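Notes follow the structure.
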Amino acid sequence: MSTAQAPITPRNATPMAFARALARAVDARGLNSEAILQAVQIAPSDLRHDDARISAAQMEQLSARCMQALDDEALGWFERPLPWGSYGLLARASLSAPNLAVALKRWCRHHGLLTSAVSWQLHSDDELACVTLHTPGVAADATEFAVVTLLRNLLGFASWIVDSRIALRAAEFAFSAPAHAEAYGVLFPCPVQFEACAHRLHFDARYLRLAPCRSEDDARAMLQRALPLTVHHYRRDRLLVSQVRLLLQQQPETMRDATSLAHALAMSERSLHRQLHAEGSSLQSLKDQVRRQLACELLQRSHKPLKQIADAVGFRNEKSFIRAFKQWTGVTPQAWRQSAH
């Protein structure tokens, strides 16, 4: 099995192969793709360059023009065209769901009414949720672009309906790594695996408990320009506090500062601090909460010396740990350990 390389960061990150797939779908219907390409400032000759990239704005405009020309939101992938507004019906059917889990289950079930070429499944346990996409009816030469678009479409819808970025834990694809595999780090900012047994997205199961917060008016406004949900990443994460706390708990020795946390969460340090503030928290307060809890557990349940406990909870030396612990509890670690026993 192979994996994508580290995320790339150029402004133009969408592979030209996706523009080529759109042009091929238009030409297959006997229409002229050159005029559409030129309208979004892509020279037809550029399609031959596998290493070329286009911007997210160009991809959004190109997709919209091709869908309108074909009157097919599926761009020729399925056994029949999906008229404009088909995915809007799926979105509206989930507005009344009590939580994201039910909304996604409705999406998966109702998608089967649109086409039999693909099918969806949602599985989850207490920790991890997984959406699986099967594509038995999609032609081999259209599979990659169809899979990427459908997964990003579902992810964008899920993020929109609960007004939260859904941070992916992993993305898996059943096809081999393409020539532009490094672009997947931008398309899916998480560990990416190719040659997997299925096309899947994995994310924290706690997102499934979030309640939809969109109205019919919201849906109407969104559907007037829905493609950005597929092309662009949703920024606000309603579970960012939980994600940061989990990273601090699981990797106290490596997640010591904003730099390491921001890298692990595929976001900038500025965005990390801003979003935590918007959720009524801060990185320092979360670090203090996690460190205090872990320190107290180690002091009570183990006989480790203070130097080892200081290192285990992310302090660089014993003196700093003792000073911080006294600020948290009002007593020294030694005194707390004695009282706990």
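Every number here is computed from the coordinates shown, using simple stated rules; none is lab data. Since we're looking at a predicted model, the values are computed, not measured. Note that we place each Cβ from the backbone using ideal geometry, even for glycine, and neighbour counts take in every protein chain shown.
Hey, with R₀ at 41 Å, roughly what FRET efficiency would Gln250 and Leu31 work out to, going by the Cβ-Cβ distance, to 0.05?
Efficiency, from the Cβ-Cβ distance: 0.20.
Note the angle between two axes, namely the Cα long axis of helix 318-329 and the longest principal axis of the Cα atoms of the chain, as a number of degrees from 0 to 90, rounded to the nearest 10.
Taking Cα atoms only, the helix is inclined about 90 degrees.
For Ala13, what residues show an amide H to amide H distance below 5 Å, using hydrogens built from the backbone and excluding near sequence neighbours?
Ile54, Ala56
Semi-axes of the chain's equivalent ellipsoid from the Cα gyration tensor, sqrt of 5 times each eigenvalue, largest first, rounded to whole Å?
45, 21, 17
If amide H atoms are built 1.01 Å from N in the plane of the peptide, which residues on other chains or at least 5 residues away come under 5 Å of the amide H of Arg169?
His202, Phe203, Asp204
Counting only residues 5 or more places away or on other chains, whose amide H sits under 5 Å from the amide H of Asp163 once H atoms are built in the peptide plane?
Cys213
Mind listing the phi-derived Karplus ³J(HN,Hα) values for region 21-28, rounded to whole Hz, using 6.51, -1.76 and 1.60 with θ = phi - 60°, and x for any glycine or proline?
With coefficients 6.51, -1.76 and 1.60, one gets 5, 5, 5, 5, 5, 5, 5, 5 Hz.
Across region 214-230, in residue order, what do the Karplus-derived ³J(HN,Hα) couplings come to in whole Hz, using 6.51 cos²θ - 1.76 cosθ + 1.60 with θ = phi - 60° and x for Gly and Pro?
Each residue's phi maps through the Karplus curve to give 10, 9, 4, 5, 4, 5, 4, 5, 5, 6, 5, 8, 8, 4, x, 5, 8 Hz.
For region 152-210, state which chymotrypsin sites (Phe, Trp or Tyr not before Pro) are in a DSSP loop and have at most 14 other beta carbons lying within 10 Å of their beta carbon.
Passing both the DSSP loop test and the Cβ count: Phe175.
What are the ³J(HN,Hα) couplings of region 182-199, residue after residue, when phi is run through the Karplus curve with 6.51, -1.76, 1.60 and θ = phi - 60°? Round to Hz, x for glycine and proline.
Each residue of region 182-199 in turn: 5, 5, 5, x, 8, 5, 9, x, 6, x, 10, 10, 9, 6, 7, 7, 6, 8 Hz.
Please list, by residue number, every one of the trypsin sites (Lys or Arg not before Pro) in region 303-338 that is coil in DSSP and has at most 15 other beta-carbon atoms within 10 Å.
Passing both the DSSP loop test and the Cβ count: Arg316.
Can you compute the helix-only [θ] at 222 nm over the chain? Use -39500 (n - 2.57) per DSSP H run of at least 4 residues, normalise by all residues, nearest 500 deg cm²/dmol.
-14500 deg cm²/dmol
Could you give the angle, 0 to 90 degrees to the nearest 10, between helix 56-70's Cα long axis and the longest principal axis of the Cα atoms of the chain?
Tilt relative to the chain: about 40 degrees.
If you take all C-alpha pairs in region 37-159, what percent of them are over 21 Å apart?
46
Rounding to the nearest 10 and keeping the result within 0 to 90°, find how far the Cα-based axis of helix 269-278 lies from the longest principal axis of the chain.
Helix 269-278 sits at roughly 80 degrees to that axis.
Quickly work out the Ser116-to-Ala93 label distance, labels modelled 7 Å from Cα along the C-beta direction, and quote it in nm with one decimal.
Output for this residue pair reads 1.7 nm.
Using the basic label-point model (7 angstrom from Cα toward the beta carbon), what is the Asp257 to Asp125 distance in nanometres?
Once both label points are built, they end up 3.6 nm from each other.
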